[in-house]
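Visitor: I have a structure I would like to understand better, so I am pasting it below and will then ask my questions one at a time.
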Amino acid sequence: MATLTTIGFDADDTLWHNERNFRLTEERFTDLLADYSDKDNLTERLLAAERRNLRLYGYGVKGFTLSMIETAIEVTEGKAPASVIGEILDAGRNMLSHPVEPLPHVEETLQALKGSFRLVLITKGDLFDQERKVAESGLGDHFDAVEIVPEKTAETYRTLFARHGDGPGRAMMVGNSLKSDVVPALDAGSHGVHVPYEITWALEHADVPAGRDRFHQVAHLGELQALLSRLA
């Protein structure tokens with residue numbers, strides 16, 4: 001096996017908590033509209049709006065907020081009170097200023113790997129919000145490069161691992177999303193390491209790529225060094 005020289009890390013729900021903030025806001029949203037529709041229907045229609053709007057708004061809080069407003073207008077047949085729209089906008093602003101809370105084992109793992117590998121943070125989402133979270137997390141100095149991309153595909157990983165390393169064949173991608181972090185990295189020829197998070201957004205679900213020899217799974221980032229030792 002070619003020696004690994006580059007490790008890419010996803011950000012949201014790999015380095016710090018993120019999805020649980022979306023779920024708490026979604027609960028607030030369904031409570032606001034409880035007089036117009038039941039929770040399951042609101043959740044389903046919000047997800048449909050998010051899916052529709054991804055190509056227009058991309059990933060992140062701003063697109064989520066616009067999708068909530070769109071859903072509120074739909075379920076109230078255009079009669080959503082201004083107070084409800086105001087509450088949704090306030091919820092979005094709160095998300096954009098929510099404190100960044102790194103996950104366990106992240107700091108010490110990055111510190112241990114720094115210098116032995118090129119470390120690249122590869123995340124998708126709103127540029128300003130992701131830059132804010134990187135800065136507030138205090139983790140930015142551990143990385144040789146930070147890439148905020150509109151989508152994660154096999155071509156994304158081929159390009160970034162060539163730009164910041166020795167190509168995808170000598171790289172590894174670590175993240176919580178099988179769909180975005182692991183499968184496309186495997187397709188690019190890299191190792192893909194799945195680090196499950198407590199919640200997975202419905203649009204990030206994917207089947208486990210069983211039988212692929214470069215697929216790995218760890219319970220948390222504290223197990224990554226042991227995995228690297230076994231591969232070496």
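Visitor: With every protein chain kept in place and ligands, DNA and RNA left out, what is the accessible area per residue of the chain? Probe 1.4 Å, answer in Å². Display every interim value, and only then the final one.
Guide: On the way: 10940 Å² over 232 residues.
Accessible area per residue, the chain: 47 Å².
Visitor: Over the Cα atoms of the chain, what radius of gyration and what Dmax do you get, in Å?
Guide: 18.9, 61
Visitor: Need one word for segment 109-232: rounded, prolate or oblate. Basis is the Cα gyration tensor (sqrt eigenvalues a ≥ b ≥ c); a/c below 1.5 gives rounded, then a/b vs b/c decides.
Guide: Numbers: a/c = 1.26, a/b = 1.10, b/c = 1.15.
Because its axes are fairly even, with a/c under 1.5, segment 109-232 counts as rounded.
Visitor: Segment 166-189 to segment 78-106: how many Å between their Cα centroids?
Guide: 31
Visitor: Give a quick list of trypsin sites (Lys or Arg not before Pro) in segment 1-106 that DSSP marks as loop, anything other than H, G, I, E or B, with at most 14 other Cβ atoms within 10 Å.
Guide: Those satisfying the criteria are 79.
Visitor: Going by average Cβ neighbours within 10 Å, how do the peptides 126-137, 162-173 rank, with the highest at the top?
Guide: Most protected by this proxy first, the peptides run 162-173, 126-137.
Visitor: Choose one of 86, 33, 47: the residue whose Cα lies farthest towards the positive end of the charge dipole of the chain (beta-carbon charges +1 Lys, Arg; -1 Asp, Glu; about the Cα centre).
Guide: Going by the charge dipole, the pick is 47.
Visitor: Still on this structure, I have one more. Quick one: pull the percent of accessible area on segment 130-232 belonging to carbon and sulfur, 1.4 Å probe, ligands and nucleic acids left out. Mind dumping the intermediate values first?
Guide: Numbers: 2230 of 4630 Å².
Whole-percent figure for carbon plus sulfur exposure: 48.
Visitor: Right, another one. If the only charges are +1 at each Lys and Arg Cβ and -1 at each Asp and Glu Cβ, what is the size of the charge dipole of the chain around the Cα centre, to the nearest 20 debye?
Guide: 760
Visitor: May I have the count of lysine pairs in the chain with C-alpha atoms under 26 Å apart, counting pairs 8 or more residues apart or located on different chains?
Guide: 16
Visitor: Related question: Determine the shape class of segment 178-232: with a ≥ b ≥ c the square roots of the Cα gyration tensor eigenvalues, call it rounded for a/c under 1.5, and otherwise prolate if a/b is greater than b/c, oblate otherwise.
Guide: oblate
Visitor: Given only helices, namely DSSP H runs of n ≥ 4 each adding -39500 (n - 2.57), what is the per-residue ellipticity at 222 nm of the chain, to the nearest 500 deg cm²/dmol?
Guide: It lands at -14500 deg cm²/dmol.
Visitor: Next question. Taking the Cα centre of segment 1-75 as origin, sum charge times position over the Cβ atoms of Lys and Arg (+1) and Asp and Glu (-1), and report the length of that vector in debye to the nearest 20.
Guide: Rounded to the nearest 20 debye, it is 280 debye.
The values are calculated or read from the model by the stated rules, or taken from the named source; none is laboratory data. Keep in mind the model is a prediction, meaning the values are calculated, not measured. When we count neighbours, we look across all protein chains shown, and the Cβ atoms used for this are built from the backbone with ideal geometry, even at glycine. When the accessible area is computed, the model is the full protein with side chains, heavy atoms only, and any ligands, DNA or RNA have been set aside. Shrake-Rupley method; radii C 1.70, N 1.55, O 1.52, S 1.80 Å.
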